[in-house]
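To start, the structure itself, in structure tokens.
The values are calculated or read from the model by the stated rules, or taken from the named source; none is laboratory data. These numbers come from a predicted model, not from an experiment. Positions of Cβ are generated from backbone atoms using ideal geometry, with glycine treated the same way; all protein chains shown enter the neighbour counts.
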Amino acid sequence: MTSFGERLRTALHTYGPLCVGIDPHVSLVEEWGLEASGAGIREFGLRVVEASAGRVGVVKPQVAFFERFGSAGFAALEDVLRAARDAGLVVIADAKRGDIGSTMDGYAAAWLAPGSSLEADAVTLSPYLGADSLRDTLAFAVAAGKGAFVLAATSNPAAHVLQSALVAGEPGETVAARVAREVAAAGDASADSLGSIGVVVGATADRDAVGLTDAALERLPILAPGFGVQGAEPSDLHRLFGPLAANVAASESRSILSAGPDRLAARIEERAGLYAEVNLG
């Protein structure tokens, strides 16, 4: 069985770091001339999948924009997830789940179990109910050939207070660094391979301020939202992540989706080309 880390490494090597967010904001859906409904967001998502296939290696559906339409939204999400995986894309479900015990087991089965109607290649998780809360889910992911991205340093400024706080009993270790350490311990990374369990590090977050050194993130896949409209540009990739840049899936949503359905494929190619220029430089 090929691990998630290996599949992600292949996707990033083949297509570059751009990860296309599938975020059917109601305003965007309507700008595309679609109805703000389960049927409309299904069409929106499938068009993004079609435009992304063969141009990027990774897509990231934002679950919340589907959930808001209830059962019709979940049905749309199931179709989008299936279509993306059938197209050979690495699919990260941006669900940010986090709980304890059997509840977390249910989330793991929903998003990571092979054959589940919501099956993705990886899911985003929140660690803030304690390190033990995710342990079984991360083990499940690795055993199933799946992946997970655990929130470590997010881009929203208010999160800095928590993520930069020092851990009791661990001199000098921040909460964000503790998350990275726990993630590394739970993963399957080796000296010559990328792990299947990674972290979310916002492109506009201050890594130094929250203690996320290059050493702390070595061999971890990194999902980095914040490129595009939120302020970071492809040319910033190496400045922000240095020797870790090859492990980064740089997520963009509105900067791409705002192009509209007719120019969507061209905008993806434009943005992917900017990252390619950085990699060649």
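In the set Val201, Val229, Val210, Val248, which member is under 19 Å from Leu138 (Cα atoms) and of a type in the set (Val, Ile, Thr)?
Numbers: Val229 fails: under 19 Å from Leu138 (Cα atoms); Val210 fails: under 19 Å from Leu138 (Cα atoms); Val248 fails: under 19 Å from Leu138 (Cα atoms).
Testing whether each residue is under 19 Å from Leu138 (Cα atoms) and of a type in the set (Val, Ile, Thr) leaves just Val201.
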List the number of the failed condition for Gly172; all other conditions in (1) on the phi < 0 side of the Ramachandran plot; (2) at pLDDT below 95 hold.
(1)
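Hydrophobic (A, V, I, L, M, F, W, C), surrounded by fewer than 17 Cβ atoms within 10 Å (Cβ to Cβ) and either over 17 Å from Ala224 (Cβ atoms) or at pLDDT 95 or above (or both): does that describe Ala11? Show your work before the answer.
Values: hydrophobic (A, V, I, L, M, F, W, C): yes; surrounded by fewer than 17 Cβ atoms within 10 Å (Cβ to Cβ): no; either over 17 Å from Ala224 (Cβ atoms) or at pLDDT 95 or above (or both): yes.
No; evaluated as a whole, the condition is false for this residue.
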Enumerate the pairs (first residue in region 52-65 and touching a residue at least 12 places away in the same chain (Cβ under 8 Å); second residue anywhere and crowded, with 21+ Cβ neighbours inside 10 Å and part of a loop (DSSP other than H, G, I, E, B)) with beta-carbon separation below 7 Å, excluding pairs fewer than 6 apart on the same chain, so at least 6 apart or on different chains.
Ser52/Leu89; Ala53/Leu89; Gly57/Leu89; Val58/Leu89; Val59/Leu89; Gln62/Asp23; Phe65/Asp23; Phe65/Pro24
What residue, among those in region 226-281 that are touching a residue at least 40 places away in the same chain (Cβ under 8 Å) and charged (D, E, K, R), is surrounded by the fewest Cβ atoms within 10 Å (Cβ to Cβ)?
Glu277
Count of residues meeting criterion [more than 15 Å from the chain's Cα centre (by Cα) and in a helix (DSSP H, G or I)] in region 41-64:
12
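For region 200-247, name all the residues that are within 21 Å of Ala185 (Cβ to Cβ) and among the aliphatic types (A, V, I, L, M).
Looking only at region 200-247, we keep the residues that are within 21 Å of Ala185 (Cβ to Cβ), and these are 200-201, 207, 210-223, 244, 247.
Val200, Val201, Val210, Leu212, Ala215, Ala216, Leu217, Leu220, Ile222, Leu223, Leu244 - these are the residues of region 200-247 that are within 21 Å of Ala185 (Cβ to Cβ) and among the aliphatic types (A, V, I, L, M).
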Scanning region 14-41 residue by residue, the ones that are more than 20 Å from Gly73 (Cβ to Cβ) and surrounded by 17 or more Cβ atoms within 10 Å (Cβ to Cβ) total 5
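Does region 179-200 contain any residue that is more than 16 Å from the chain's Cα centre (by Cα), over 19 Å from Pro157 (Cβ atoms) and crowded, with 23+ Cβ neighbours inside 10 Å?
Checked region 179-200: at least one residue is more than 16 Å from the chain's Cα centre (by Cα), over 19 Å from Pro157 (Cβ atoms) and crowded, with 23+ Cβ neighbours inside 10 Å.
Only one residue in Ala87, Ala159, Ala108, Ala143 is modelled with pLDDT under 95 and either touching a strand residue (DSSP E or B) at 6+ places or on another chain (Cβ under 9 Å) or of a type outside the set (Phe, Trp, Tyr) (or both). Which one? First the steps, then the outcome.
On the way: Ala87 fails: modelled with pLDDT under 95; Ala108 fails: modelled with pLDDT under 95; Ala143 fails: modelled with pLDDT under 95.
That would be Ala159, the only listed residue that is modelled with pLDDT under 95 and either touching a strand residue (DSSP E or B) at 6+ places or on another chain (Cβ under 9 Å) or of a type outside the set (Phe, Trp, Tyr) (or both).
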Residues of region 16-40 being assigned to a loop (DSSP other than H, G, I, E, B), within 16 Å of Gln62 (Cα to Cα) and under 23 Å from the mean Cα position of the chain (by Cα), in sequence order, are Asp23, Pro24, His25
Answer yes if at least one residue in region 90-108 is part of a helix (DSSP H, G or I) and either under 30 Å from Pro261 (Cβ atoms) or of a type in the set (Phe, Trp, Tyr) (or both), and no otherwise.
yes
Report every pair of residues separated by at least 6 positions or lying on different chains whose Cβ atoms are under 6 Å apart, first residue within region 24-46 and free of Cβ contacts under 8 Å to residues at least 40 places away in the same chain, second outside any loop (DSSP other than H, G, I, E, B) and of a type in the set (Gly, Ala, Ser).
Val29/Gly40; Leu34/Gly40; Gly38/Ala72; Gly38/Gly73; Gly38/Ala76; Ile41/Ala76; Arg42/Ala76; Leu46/Ala83
Region 160-177, residues that are touching a residue at least 12 places away in the same chain (Cβ under 8 Å), in a helix (DSSP H, G or I) and over 10 Å from Leu212 (Cβ atoms):
His160, Leu162, Val175
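Considering only region 178-260, give the helices (runs of 4 or more DSSP H) lying wholly within it that have at least 2 residues that are more than 22 Å from Leu134 (Cα to Cα), out of contact with any Asp or Glu (no Cβ under 8 Å at 6 or more places or on another chain) and at pLDDT 95 or above.
Numbers: elements: 214-217, 237-241, 254-257.
Ranges flagged: 237-241, 254-257.
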